[in-house]
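A short worksheet on the structure shown next.
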Amino acid sequence: MRPSVEPLFTSFEYGNLSLANRFVMSPMTRNFSPDGVPGDNVASYYTRRATAKTGLIITEGIGVNHPSAIGHSTMGEENIPVLHGEAALAGWRKVIDDVHSEGGKIIPQLWHMGGARLEGTPPHPETKSMRPDDMSEDEIAEIIAAFVSSAANAKAIGFDGVALHGGHGYLIDAFLWKQTNRRDDAWGGDIKRRTRFASELVKAIRAEVGPDFPILFRLSQWKMQDYEAKLAETPDELAIITGTLVEAGVDIFDVSTRVFSVPAFVGSNMGLAGWVRKLSGKPVMTVGGIGFDKELAASFAEPTSALDNLDEVVRRFEAEEFDLVALGRALLMDPEWVLKVQAGEPFEAFDLSAYSRLD
Ligand SMILES: Cc1cc2nc3c(=O)[nH]c(=O)nc-3n(C[C@H](O)[C@H](O)[C@H](O)COP(=O)(O)O)c2cc1C
């Protein structure tokens, strides 16, 4: 074992979530589930990472049980899985069983694309896309019910918790961000009211799944449509969001940054994960740029070399900025990335062809 990374190979316990180490597969949309049904190829894709010691897998974004949840986007999404209906549930059951049989843990990321869903696109072209500013009370209640139904299914078929995609400008985040939530009622206005949709969602899921089923919440400052966006301009604003979500029942925050080590606010070197941990008192997961010399968006445009930045990860981990370390592209490229870390072997550069493979 490479001695300097030993702290990341310690177990993690939270309630009844018990992980063998601190490495997490970050949620990554893969477009490999025709009709919303994950097949055996999806099961072996995730299981390969569990076999190679990825402590926790968070699945690709999964459309919640509402016709407006998913469709195509400017990112060209299609064949996104769902978590309702016999065939999809049977597909996920196989994924879960296979991952568990390798000693891994797996949590689904529940996703509603909101206004990023292009109007008129399948699987439900007749349905309008949802944006906070023009959603009725009934529609808000319907969407919350859809998340609850998918979370209930997640628990029923044996997932180890549930993760909510509250970042990147999709529906939950669109309520949080002032640029996409111009409402002036109980669901918008000040930051507390903009957090209400997320918190009512978490409360409703908590009421359904009970006190012991872990709820993870992904949040981000950046949006797909604006990398410079800020959900919270100051730690005080961030504290309102995280405090409200903790009260509602969030157990673990998945703090989505493009580069994990970038300071979140002036006057401190601490990254956003560190701030969320400090302000919320909850465990947090960091992500962004681990193992590479370029962040995600840049790696579409330019060659991306491997970079061993684990000493900085460990340094911040030991400074208690975060509890879990998530990898996106590293685990996309190399199912055995965690084993390489453990053995001190070199990483691979990023290759765009990884997007179109499911191995
Ligand atoms: C192919 C691909 C698909 C992604 N899909 C999702 C997604 O469905 N949900 C999500 O929250 N983030 C998604 N992301 C973002 C990753 O979870 C992660 O935050 C990002 O890649 C940064 O981590 P990295 O620098 O280790 O790649 C995706 C990233 C990639 C590369």
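Each peptide among 141-147, 282-288, 119-125, 214-220 gets the average number of other Cβ atoms lying within 10 Å of its residues, and from highest to lowest they stand as 214-220, 282-288, 141-147, 119-125.
Rounded to the nearest 0.05, what FRET efficiency do K94 and S353 have when you use their Cβ-Cβ distance and R0 = 25 Å? Intermediate results must be reported in sequence, preceding the final value.
Numbers: r = 27 Å, r/R0 = 1.06.
Working from the Cβ atoms, E equals 0.40.
Here the chain has 51 percent of its accessible surface on carbon and sulfur atoms, given a 1.4 Å probe and all protein chains in place.
Rounded to the nearest 5, what % of DSSP beta bridges with both residues in the chain are antiparallel?
Values: 7 of 35 bridges.
The answer is about 20 percent antiparallel.
Need one word for segment 111-150: rounded, prolate or oblate. Basis is the Cα gyration tensor (sqrt eigenvalues a ≥ b ≥ c); a/c below 1.5 gives rounded, then a/b vs b/c decides. In terms of gyration-tensor shape, oblate. The slack between E233 and L307, meaning 0.36 nm per residue of separation minus the straight C-alpha distance, is 23.6 nm. Averaging Cα coordinates gives a centre for segment 267-330 and one for segment 48-79; these two points are 21 Å apart.
Using helices alone, what [θ] at 222 nm do you get for the chain, with -39,500 (n - 2.57) per DSSP H run of 4 or more residues, divided over all residues and rounded to the nearest 500? Intermediate results must be reported in sequence, preceding the final value.
On the way: 12 runs with 122 residues, N = 359.
Only helices count here, giving -10000 deg cm²/dmol.
Pairwise over distinct Cα atoms, reciprocal of the mean inverse distance: report the Kirkwood radius of segment 1-112 in Å, one decimal place.
14.9 Å is the Kirkwood radius here.
At full extension, N31 and V314 could sit 98.6 nm farther apart than now, given 0.36 nm per residue minus the alpha carbon distance. Which of rounded, prolate, oblate describes the chain, given a ≥ b ≥ c as roots of the alpha-carbon gyration tensor eigenvalues and a/c under 1.5 marking rounded, otherwise prolate only if a/b is larger than b/c? It is rounded, given that a/c, with a ≥ b ≥ c, falls under 1.5.
Just to confirm, what accessible area per residue do you get for segment 3-346 at 1.4 Å probe, in whole Å²? Walk me through the intermediate numbers first.
Details: 12740 Å² over 344 residues.
Value for segment 3-346: 37 Å² per residue.
Each Cα pair under 8 Å and six or more residues apart adds its sequence gap; the mean of these over the residue count of segment 3-346 is a relative contact order of 16 percent.
Think of the chain as a dipole: +1 on every Lys or Arg Cβ, -1 on every Asp or Glu Cβ, centred on the Cα centre; then among V37, S261, A145, S261 lies furthest on the positive end.
Lysine pair count for segment 3-346 with Cα-Cα distance under 14 Å and sequence separation of 8 or more or different chains is 7.
Go ahead and run the numbers for FRET between S101 and E13, Cβ-Cβ distance against an R0 of 25 Å, rounding to 0.05. Provide the component values of the computation, followed by the final result.
On the way: r = 21 Å, r/R0 = 0.85.
Once the sixth-power term is evaluated, E becomes 0.70.
Explain nothing, just the number: dipole magnitude of segment 3-346 about its Cα centre with +1 on each Lys and Arg Cβ and -1 on each Asp and Glu Cβ, in debye rounded to the nearest 20. Display every interim value, and only then the final one.
On the way: 33 positive and 48 negative charges, 47 e Å.
Here the size comes out at about 220 debye.
A convex hull fitted around the alpha carbon atoms of segment 169-279 yields 98 Å³ per residue.
The values are calculated or read from the model by the stated rules, or taken from the named source; none is laboratory data. What you are looking at is a predicted structure, and each value in this text was computed from that prediction instead of being measured. Every residue, glycine among them, receives a Cβ derived from its backbone with ideal geometry; neighbour counts consider all protein chains shown. Calculation scope for accessible area: heavy atoms of the full protein, side chains included, ligands and nucleic acids excluded. Shrake-Rupley method; radii C 1.70, N 1.55, O 1.52, S 1.80 Å.
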